[in-house]
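Here the structure comes first, spelled out in structure tokens, and everything after it is commentary.
The values are calculated or read from the model by the stated rules, or taken from the named source; none is laboratory data. As the structure is a prediction and not an experimental result, all values here were calculated from the model. Here the Cβ positions follow ideal geometry from the backbone for every residue, glycine too, while neighbour counts run over all protein chains shown.
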Amino acid sequence: MLRVLSPTIYRYKQLKSTNDSLKEMRKELSLSEASVVVCDDQTGGRGVDGAWISESEKNLTFSILLNPNFLKVEDQADLNFLVSVSIVEYLDFKGLNPSIKWPNDILIDGKKIAGVLVENTFENKVIRDSIIGIGLNVNQLNFGEFRRQATSLATETNRAFNLQEELDLFLKIILKNYSALPFNKKSLRTKYIDRLYLKGIQSRFQVQDEIIDGVIQGVSSFGLLQLQNKTTNEILNLDLKEVKYLI
Ligand code: BTN
């Protein structure tokens, strides 16, 4: 039988960033694995490249502490697969059909419904702490102008949701997947690749300084995007700094 962790939830009214608060708390307290920091109003949310803006009391902004010391430094992508697939399973359960824009954006019909910021620390070549920050748009109906349009559960389903219930449901899914992770790495990666946004569809990308037409083939076990350049047929293995989606 797999042992599934129970979350310990720390709820705050307002925080700058749940990732930063969880990091600070980790230094000062002895936090158990699956500690979760959530706030109603996040005022300085951080994204992968820029801010994460979320209307107060409408959405879920939270961070989960995991200690996956069974993962080596080079296995970090397994955590991306775990988080993205868990969000996809949660949204599938809500009757939506999400896709994963590599590495960790969750989209519904090309619109962003969730973003993920994973921050790991290492000790002796294994992952000591993983702070998994998730912003999930739940009840927000109006979004500002972003490069990519945004959406929410409420926008997609025409109903409102109880934030605590949604958080509990999501935590059940991710912690169950996490308990199986040591034995499930392959199937998680397969599920992740199955749901990749634009896989097999010719699209335009910026690779370093060049604009190319390419087709996403998959993602390597190290988490690199495998993109075929349609002009040269070469398969490129790219990290986050090397590629930008132009769609
Ligand atoms: C992205 O799409 O660029 C990632 C967004 C991650 C946002 C979440 S909200 C909770 C947690 N705290 C933060 O400061 N960021 C993450």
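Anything in the stretch 131-162 that is away from the ligand (no atom under 13 Å from the Cβ) and either within 18 Å of the chain's Cα centre (by Cα) or within 30 Å of VAL73 (Cα to Cα) (or both)? List them, or say none. Matches in the stretch 131-162: GLN149, THR151, SER152, LEU153. Taking first residues from the stretch 191-218 that are within 19 Å of ILE113 (Cβ to Cβ) and partners that are of a type in the set (Lys, Arg) and at pLDDT 95 or above, the Cβ contacts under 7 Å between residues at least 6 apart in sequence or on separate chains come to TYR197/LYS101. ILE9 satisfies every condition listed in (1) in contact with a helix residue (DSSP H, G or I) (Cβ under 9 Å, 6 or more places away or on another chain); (2) farther than 17 Å from GLU165 by Cα; (3) among the β-branched types (Val, Ile, Thr); (4) at pLDDT 95 or above except (2). Those strands (runs of 3 or more DSSP E) of the stretch 2-79 in which 3 or more residues are loosely packed, with under 14 Cβ neighbours inside 10 Å occupy 8-15. Contact annotation: residue pairs with Cβ atoms under 8 Å, 6 or more positions apart or on different chains, pairing a residue in the stretch 111-125 that is farther than 18 Å from PHE170 by Cα with a partner that is near the ligand (Cβ under 8 Å from one of its atoms), are GLU119/ASN19; GLU119/GLY133.
Selection over the stretch 154-207 of residues that are among the basic types (Lys, Arg), part of a helix (DSSP H, G or I) and surrounded by fewer than 17 Cβ atoms within 10 Å (Cβ to Cβ) gives a count of 3. Right, VAL48: in contact (Cβ under 8 Å) with a residue 40 or more places away in the chain, over 23 Å from PRO7 (Cα atoms), within 15 Å of the ligand (Cβ to nearest atom) and not aromatic (Phe, Trp, Tyr) or not? When the stated conditions are applied, VAL48 passes them. Take the residues of the stretch 81-109 that are among the polar types (S, T, N, Q) and modelled with pLDDT of 95 or more: which is farthest from the ligand (Cβ to nearest atom)? Once the filter is applied, the top-ranked residue is ASN97.
Inspect all residues belonging to the stretch 58-80 and state whether any of them is among the small types (Gly, Ala, Ser), within 12 Å of the ligand (Cβ to nearest atom), under 17 Å from LEU175 (Cα atoms) and in contact (Cβ under 8 Å) with a residue 24 or more places away in the chain.
Initially, the stretch 58-80 is screened for residues among the small types (Gly, Ala, Ser), giving 63, 77.
Among the residues that remain, those that are also within 12 Å of the ligand (Cβ to nearest atom) are: 63.
Those left that are additionally under 17 Å from LEU175 (Cα atoms): 63.
Filter again for in contact (Cβ under 8 Å) with a residue 24 or more places away in the chain, leaving 63.
Within the stretch 58-80 (the criterion being among the small types (Gly, Ala, Ser), within 12 Å of the ligand (Cβ to nearest atom), under 17 Å from LEU175 (Cα atoms) and in contact (Cβ under 8 Å) with a residue 24 or more places away in the chain), the answer is yes, since at least one residue qualifies.
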